[in-house]
Amino acid sequence: MTHRRALLAVLALALVVVAAGCGAASTTTSSAGSATSASSTSSASHILRIPYLADMSVPDPDIFYDIEGNSVILSAYEGLLKYAPNSDKIVGDLATSWSESPDRLTYTFHLRPNVHFHDGSLFTAQSVIASFKRRLNVNQAPAYMVKPIASMTTPNPLTLVVKLKEPVDPFLDYLASSWGPKMIGPEALVTHAGNNFAQTWLQTHDDGTGPYELTEFARGRQYVLARFEGWWGAKPYFEKVLIKITPDIDTQQLELENGSVDAIMHSFPAANLSSLPSSVKVLKYPSYLRLLLYVNTHKPPFNNPAVRATLRAAIDPAKLVAEAYSGTGTNSKGPFPEELLSNQPTLPYAPNPTVAAEGVKKASTKSIVLGFTADESGIQRRVGEILQAALEAAGWQVTVKEVQLPQVYDYINDLSAAPDLLLQTNTPDAANADTWSRILFFKEGGLNFLGFNNARVNSLLEKSRSASPAESEKLEREVGQEVVNENGIFFLGNIDNVFVLNKELEGVEQIPAYPWTVNYASLKRG
Amino acid sequence: MAGLIARRCVALVAVLFGLALIVFVLQAVVPENPARAMVGASAPPQVVAQKARELGYDQPLPVRFVDYMERVLSGNLQTSLRTREPVLSNLETFAPATLELALAAAVIAAAIGVSLGLLLAAGGRLARVLRTVLIGGASVPTFLSALLLILLFYSTLHLLPASGRVSDTLVVPTGPTKVLLLDAVLHGEPNVVWSVLTHLLMPAFTLALIPALAIARVLASSCEGVMREDYVRTARTKGLRERTVILRHVLRNACGPALTMSGLQFGLLLGGIVVVEQIFAWPGLGRYLDQSIAYADFPAITGTTLILGTAYVIVNFLVDLAQAWADPRIRTV
């Protein structure tokens, strides 16, 4: 009898919970900060829901150097400069105008008045100095963008004068880069400094000047951006942006089709684009993302330049990109993203089975390994398989191998253990040719995974950084020609930014240099 | 019983030490550079080298191992290379979600397993049909059953949410246990309780499916054997009701192999958690581990492995105790 009573009590409790859950209104009083439950007061139509495939590393603009998470940084923080929507034209952001001295060593920035940080403090030239100094002190990968600075002065609160140690051609592009220096409230930096320049505090908070504040950073679950009512720009339509971590692209697609999320910003399987319901739309924009095939020139068979040269005849980039990317990419025309450098050297890739087969005969071994880094959409695997088929048709025996990105970073330490060929997609740090060639072609470049090393290229790159813009472009063209001639890196495809959105979303603004990112502040429901 | 507990505790320590050693050796021999992963793709070599020095990766292996074990024993599992937060703090964030999912899955697996097992043991046409279903069900991979459930209950019937742990518009209780369902009950939040239950159902069921079927088959086979024993026949001839015979005499004597199977299945369940958390966007250790692997975040991988290994050993320890309770002969082994 006692057991029955207990069972009945449990059932009754369950019924109460179910009834309460079913009847619960979607809005109740908010009491964030306490250990109680409450619902959002924002109406559902003013909440933008975006899925991420993975957590971003940290929402700290002086550390963040990935792609997933760019939209959080760019919503919460602003820099002095940025790129205009859908272009690579540098425009003012927190600087309204700027000038460059004839010797290209001094830059004067006139700052936007009446800009406030999210903690309410006023943005001034001193804020810029504090932010730049913090980036140097934190000294993570993006710090290289402010390292050329020799000194900074503030003639008045809204003017900043920056002197460089030597001319740096891409300096303004550094400032406009999505990974470029962003303004962080100096008071918050002091208050939360701790022993690591506020790195701990900025792992879960922000104090930028952007249109949205980071109000929740629940790692692994979701990030919440709330509209900053004190923003200097036009009031954004969405009161909140909920970024939910949903690691499975199929789940994301189902949620988009059912209206649980508003947009998928990257890695949507290209093959599924043609079978979407009418409630969603697809927007494609050119980006700087490039599909590359690295060649290991440090071991047989591709340490033989004659064998490498025949790879030009074994691959057909146009066919490969068309098959793998289903209309979301085009074959590359030059060694740089086309928008970064005019009159680039052309790519002499022409399929020719006879020439391709001759290369295999010259090779000391026919057995080669092709590595690729898997992505959620499965496209890299598909590219690998298509390449495998093309190379095997020429007579190579190809083993396709999936590798993890951290492994790829480490190949440089033992190139004899690295694969013979490596497929990767990469993007430059900014819309400047130097930010591509320096990381990819320079002997110590961060994305120079298989140790491409050409003395002339290294020398040209040393000169180009401090050369005049015209001279720099000329040198970059020479660099490009050397790289193409060397056949150490093959430039296969230009990958589009593909956004799959709820049909009612309007006002999409994107920037080719900011991959996978749209401006949340410009979006609205139609 | 005290002797059994003491022996198992010693074994627990030995297993954890072995686990720590294996994980450390693995992280030392794999050809990946955690410092590079931490500073980013385009970072110049000087920045990478400086970070490697800061992290102690330039030290000899024995020095690193001693240093590592000292830190582990003092509760310091290092800082995650990806999140830049202490691994222990990350585990505190992610482990409750996994615990909640694993417990729910274990309850569902036990409920389905025992019910199905008894039905199978009872024999008849239904049992034959069930046996066929079991064989078919056990051959469906976890990711496929997850996707099928999402297609049915989310896309088609619109009954259950496809992802997450709770509705994203709810502000959820932040303690005291961090097991959301429990916290929501303790805080008297029916909205949250309902939301958590609806989010929990599909991933827990997916995770429970294969263990439940394994338990059912072992229990059924064991029950069939026990039901042929003399003491069961005696109980029936005494006029005891069939339910009493099954629950008091058959089940207790037949549960030993099923308990052993439950312990083993828990290990498989932990393995399946990575896939299930990925598909259902469940913010638990499986997802934390998956993202850490992609980043070569060895402190996080090591910490997660240790905690999952500890959970596995503890569960099997509890299974041993349950078996000893069910079969007193085991206590003396």
Report summary line: Averaged over residues of A:426-434, the number of beta carbons from other chains lying within 10 Å of each residue's Cβ is 1
Query - Peptide A:141-148, shielding by other chains (average Cβ, 10 Å cutoff) - result: 3
Query raised in the report: Tell me, what is the percent relative contact order of chain B, built from C-alpha pairs under 8 Å that lie six or more residues apart?
Result: 27
Query - Largest-first principal axis extents of the Cα set of the protein assembly as shown (Å) - result: 107, 70, 60
Query raised in the report: Stretch B:Ile5-B:Ser115 to full length: gain in nm at 0.36 nm per residue minus the Cα-Cα span?
Result: 36.5 nm
**Report entry** Restricting segment A:229-318 to GluC sites (Glu not before Pro) in coil, as DSSP defines it, with at most 11 other Cβ within 10 Å
**Finding:** A:Glu229
Requested in this report: Among the listed pairs A:Lys163/A:Lys235; A:Lys89/A:Lys165; A:Lys165/B:Lys51; A:Lys147/A:Lys240; A:Lys147/A:Lys401; A:Lys299/A:Lys361, give every one whose C-alpha distance is greater than 28 Å.
Outcome: A:Lys163/A:Lys235; A:Lys147/A:Lys240; A:Lys147/A:Lys401
Report task. Per residue, how big is the convex hull around the C-alpha atoms of segment B:191-333? Give it to me in cubic angstrom, could you? Result -> 145
Report task. Please give the net charge around A:Phe499, taking every other residue with its beta carbon less than 10 angstrom from that of A:Phe499, where Lys and Arg add +1 and Asp and Glu add -1. Result -> +1
Query raised in the report: When Cβ neighbours within 10 Å are restricted to other protein chains, what is their mean count per residue of peptide A:61-68?
Result: 2
Query raised in the report: Can you give the FRET efficiency for A:Lys235 and B:Tyr57, using 1/(1 + (r/R0)^6), R0 = 51 Å, r = Cβ-Cβ distance, to the nearest 0.05?
Result: 0.55
Requested in this report: Report, in deg cm²/dmol and to the nearest 500, the calculated mean residue ellipticity at 222 nm for chain A, where each DSSP H run with n ≥ 4 adds -39500 (n - 2.57) and the sum is divided by the residue count.
Outcome: -8500 deg cm²/dmol
Report summary line: In chain A, helical segments from DSSP H whose Cα atoms cover 24 Å or more along their own axis and that average at least 0.0 on the Kyte-Doolittle scale are A:2-23
Requested in this report: For helix B:61-73, report the angle its Cα long axis makes with the longest principal axis of the Cα atoms of chain B; keep it between 0 and 90° and round to the nearest 10°.
Outcome: 60
Report task. Quote the Stokes-Einstein diffusion coefficient, in whole µm² s⁻¹, for segment A:268-407, based on the Kirkwood radius over alpha carbon pairs, a temperature of 25 °C and a viscosity of 0.890 mPa s. Result -> 147
Query raised in the report: Using 0.36 nm per residue, how much length does the chain from B:Leu126 to B:Ser155 gain when fully extended, once their Cα-Cα distance is taken away?
Result: 7.3 nm
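Readers should treat all values here as calculations from the given coordinates under stated rules, not as data from a laboratory. This structure is a prediction, so every number in the text was calculated from the model and none was measured. When we count neighbours, we look across all protein chains shown, and the Cβ atoms used for this are built from the backbone with ideal geometry, even at glycine.
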